[in-house]
Amino acid sequence: MDRPTHLVVGLLKKPHGIKGDALIYPVTDEPETVFTVGRRLVVLDAEGRATGRELVIARCRPYHRTWLLQFEGIETREALRGMRERHLAIPVEEARPLEDGEFYMHELVGLAVATAAGEAVGVVEEVVEAPQGWLLDVAGRTRRHLIPFTRAVVERVDRAERLVVITPPAGLLEL
């Protein structure tokens, strides 16, 4: 798998108000450090590729569980037309270095999955965002499994061993 050039940090949901503010759903654990005045965000297309359009944050503030951002040069809601449901990203080199135990979601693809007892489950094919949370789409030898990516199920992710260790609830691997 190719290493990504950008990391998704938010989803531009829709214009907010009449003066060009945008409602952003954060896709980062640290929105207060990412959404800052002067930060350049890259607009991605539906396949996750950079479109060549960059937005510079002129104003920002948290708003309930989302963020309201205004971008330089965008002063009306019409100027945001065509950007609804677009992911916003930063270049990988602008992300802070990861600490021990941290990882990016895209790094899960290709990792082996095993139970805490050592039973091989399969390999992560995709990380899926569902209304109830993130799911690991795992290809096993005879079937596919959707594994909830929660603390109750995922015991640890080991980047060095390229392994996800799970403690599945009874019956999860039989579904």
Gain on full stretching of the segment that runs from THR115 to ALA46 - 0.36 nm per residue minus C-alpha separation = 21.4 nm
For segment 57-116, which chymotrypsin sites (Phe, Trp or Tyr not before Pro) are in a loop by DSSP, counting at most 15 other Cβ atoms within 10 Å?
-> PHE103, TYR104
With bins of 10 Å, the percent of all Cα-Cα pairs of the chain per bin from 0 is 9, 33, 28, 20, 9, 1
Average projected area of the Cα convex hull of segment 105-174, in nm²?
-> 4.4 nm²
Segment 3-55 - Rg and Dmax from Cα coordinates, angstrom | 11.7, 39
Net charge of neighbours whose Cβ lies under 13 Å from the Cβ of LEU111, counting Lys and Arg as +1 and Asp and Glu as -1 | -3
With θ set to phi - 60°, apply the Karplus curve 6.51 cos²θ - 1.76 cosθ + 1.60 along segment 27-33 and write out the HN-Hα couplings as whole Hz, x wherever there is a Gly or Pro.
-> 10, 8, 7, 10, x, 5, 8
Count the net charge of all other residues whose Cβ sits under 13 Å from the Cβ of ARG40, scoring Lys and Arg as +1 and Asp and Glu as -1.
-> -2
Amide H to amide H under 5 Å from ARG84: which residues, 5+ apart in sequence or cross-chain, H placed 1.01 Å off N in plane?
-> none
ARG61 neighbourhood, Cβ < 12 Å, K/R = +1, D/E = -1, net charge -1
Please give the contour-minus-distance gain from LYS13 to GLU129: 0.36 nm per residue of separation, less the Cα-Cα distance, rounded to one decimal in nm.
-> 40.2 nm
Using the eigenvalues of the Cα gyration tensor, what equivalent ellipsoid semi-axes result for segment 6-93 when each is taken as the square root of five times the eigenvalue, whole Å, largest first?
-> 17, 15, 12
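Just so you know, all these numbers are worked out from the coordinates, no wet-lab data involved. This is a predicted model, so every value here is computed, not measured. Virtual Cβ from ideal backbone geometry, glycine too; neighbours counted across all protein chains shown.
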